[in-house]
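Chemist: Provided herewith is a single structure, encoded as structure tokens, for subsequent inquiry.
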Ligand code: KG4
Ligand code: ZN
């Protein structure tokens with residue numbers, strides 16, 4: 001079985017073809033980062049217009065890369081939420097219409113389920129049940145995963161998402177949007193221990209997160225300590241360590257609470273090297289295992305949507321011709337497979 005996946009929920013147009021016997025056959029991505037950088041954040045209207053321009057050419061390129069004719073596609077999966085409504089509507093409209101034209105079924109995919117299942121595209125796949133830490137620009141979620149569509153949210157951010165905190169702090173440090181990866185690079189030059197940031201909400205029980213205070217802490221430190229290059233790197237290091245420690249503490253708590261030994265990390269921030277290293281070390285100590293996607297499947301991409309779509313297509317969970325998207329959509333609302 002073979003599925004074409006379309007991702008357009010935010011500022012990346014991602015198209016991929018996944019075959020359940022052969023794996024990923026093609027993977028095309030266009031990032032709008034440059035388009036939004038001047039504005040310091042994603043401009044929804046511009047994002048929609050750019051998805052309109054890029055989606056069909058990328059679909060054509062993905063078919064060519066896979067040497068695959070439309071008749072060989074068994075279904076089309078598109079991200080139906082959560083995300084920017086206009087951006088979602090572009091992928092949904094093109095995906096649903098192409099499926100109708102090709103006489104194939106269409107599947108509406110939850111963006112965070114795509115992230116959550118992205119490690120399944122790797123050689124070592126996690127067995128159910130496991131704990132998933134989903135850290136992206138829009139979400140920070142700790143989820144107990146008992147199977148596909150069997151999700152229980154154990155904790156989430158009560159304010160900024162982890163990626164959002166990275167981006168806002170990066171902006172304070174003078175880095176371009178989205179600054180998460182650039183902040184991580186700056187942090188590598190930082191002096192460990194020169195500044196120590198708080199680990200929010202770790203001193204009380206519970207699995208929720210709060211990251212907005214860290215950004216304020218960074219702003220105050222920048223103001224009081226000046227902004228020479230080394231100080232900026234030291235602040236980046238202190239910020240990153242605080243986020244990574246906080247995420248690790250909550251993961252450990254979730255594993256202990258559930259008695260599970262497998263941890264999945266996914267979403268854009270899971271590309272962060274320090275986070276991967278620290279969680280890997282922690283899981284070694286706990287005699288458990290950690291799984292994460294390769295970096296290009298951590299951030300938004302079509303491959304994870306094609307994979308999730310194929311699982312739902314196999315279960316017969318297709319959608320009709322009335323095109324619908326869900327800008328807000330809980331993972332817990334998904335049906336099991
Ligand atoms: O999953 P994603 O591509 O898009 C959303 O669904 O939001 O995540 C994007 C987020 C951005 O906030 C970006 O700054 C962050 O992931 N990010 C990183 C790294 N790479 C991307 N944050 C920290 N370290 C990184 N290496
Ligand atoms: Zn995402």
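Throughout, read-outs are computed from the coordinates displayed, never taken from laboratory work. What you see is a predicted model, and the numbers here were worked out from it, not measured in a lab. Cβ coordinates were reconstructed from backbone atoms using ideal geometry, including for glycine residues, and neighbour counts include every protein chain displayed.
Chemist: Ordered by packing density, taken as the mean number of other Cβ atoms within 10 Å over each peptide's residues, highest first, how do 133-140, 83-90 rank?
Modeler: So the peptides 133-140, 83-90, ranked by packing, come out 133-140, 83-90.
Chemist: Next question, about the same structure. Starting from the eigenvalues of the Cα gyration tensor, five times each then square-rooted, give me the equivalent ellipsoid semi-axes of the chain, largest first, whole Å.
Modeler: In descending order, the three semi-axes are 34, 23, 16 Å.
Chemist: So what's the angle, to the nearest 10 degrees on a 0 to 90 scale, between helix 44-65 and the longest Cα principal axis of the chain?
Modeler: 60 degrees
Chemist: Treating the Cα atoms of region 44-138 as identical point scatterers in vacuum, please give the log10 of the normalised Debye intensity I(q)/I(0) at q = 0.15, 0.17, 0.25, 0.26 Å⁻¹, two decimals.
Modeler: -0.75, -0.93, -1.30, -1.32
Chemist: Find the eigenvalues of the gyration tensor of the Cα atoms of region 147-303, then list the square roots of 5 times those eigenvalues as equivalent ellipsoid semi-axes, largest first, in whole angstrom.
Modeler: 27, 17, 15
Chemist: In nm, to one decimal, how far is the modelled label at residue 315 from the one at residue 49, with both set 7 Å along Cα→Cβ?
Modeler: Distance between the two pseudo-spin positions: 3.9 nm.
Chemist: Next up: Cα atoms only: what Rg and Dmax, in Å, come out for region 233-330?
Modeler: 17.3, 53
Chemist: Got the relative contact order for the chain handy, in percent, Cα pairs under 8 Å and 6 or more residues apart?
Modeler: 26 percent
Chemist: If the convex hull of the alpha-carbon atoms of region 88-171 is projected onto planes in all directions, what is the mean projected area in square nanometres?
Modeler: 7.9 nm²
Chemist: May I pose another question? Distance between Cα centroids, region 270-303 to region 124-172: provide it in whole Å.
Modeler: What the calculation gives is 12 Å, centre to centre.
Chemist: Right, here's the next one. For the residue pair residue 219 and residue 176, what label-to-label distance in nm results when each label sits 7 Å from Cα along the Cα-to-beta-carbon direction?
Modeler: 2.5 nm
Chemist: Can you give the direction-averaged projected area of the convex hull of the alpha-carbon atoms in region 55-96, in nm²?
Modeler: Dividing the Cα hull surface by four gives the mean projection, 3.2 nm².
Chemist: Rounded to the nearest 0.05, what FRET efficiency do residue 281 and residue 67 have when you use their Cβ-Cβ distance and R0 = 41 Å?
Modeler: 0.45
Chemist: How big is D for region 113-214, in µm² s⁻¹ as a whole number, if Stokes-Einstein is applied with the Kirkwood radius of its Cα pairs at 10 °C and 1.306 mPa s? Intermediate values should be presented prior to the final figure.
Modeler: Numbers: Rh = 15.5 Å.
D = 103 µm²/s.
Chemist: Still on this structure, please answer the following. Under a plain spin-label model, where a point goes 7 Å from the Cα along Cα-to-Cβ, how far apart in nm are residue 127 and residue 38?
Modeler: If labels sit at residue 127 and residue 38, their model points lie 5.4 nm apart.
Chemist: Just to be sure I understand: if I project the alpha-carbon convex hull of region 1-42 onto a plane and average over all orientations, what area do I get in nm²? Don't jump to the answer; show the numbers that get you there.
Modeler: Numbers: hull surface 12.2 nm².
Quarter of the Cα hull surface area: 3.0 nm².
Chemist: Zone of residue 208 (label point 7 Å along Cα→Cβ, backbone N under 17 Å): which residues in region 132-156?
Modeler: 139-143, 153-156
Chemist: Quick check on region 160-200: take the gyration tensor over C-alpha atoms, sort the square-rooted eigenvalues as a ≥ b ≥ c, and tell me if it's rounded (a/c under 1.5), prolate or oblate.
Modeler: oblate
Chemist: Another question, if that's okay. So what is the calculated 222 nm ellipticity per residue for the chain, using -39500 (n - 2.57) for each DSSP H run with n of 4 or more, over all residues, to the nearest 500 deg cm²/dmol?
Modeler: Helix-only estimate at 222 nm: -13500 deg cm²/dmol.
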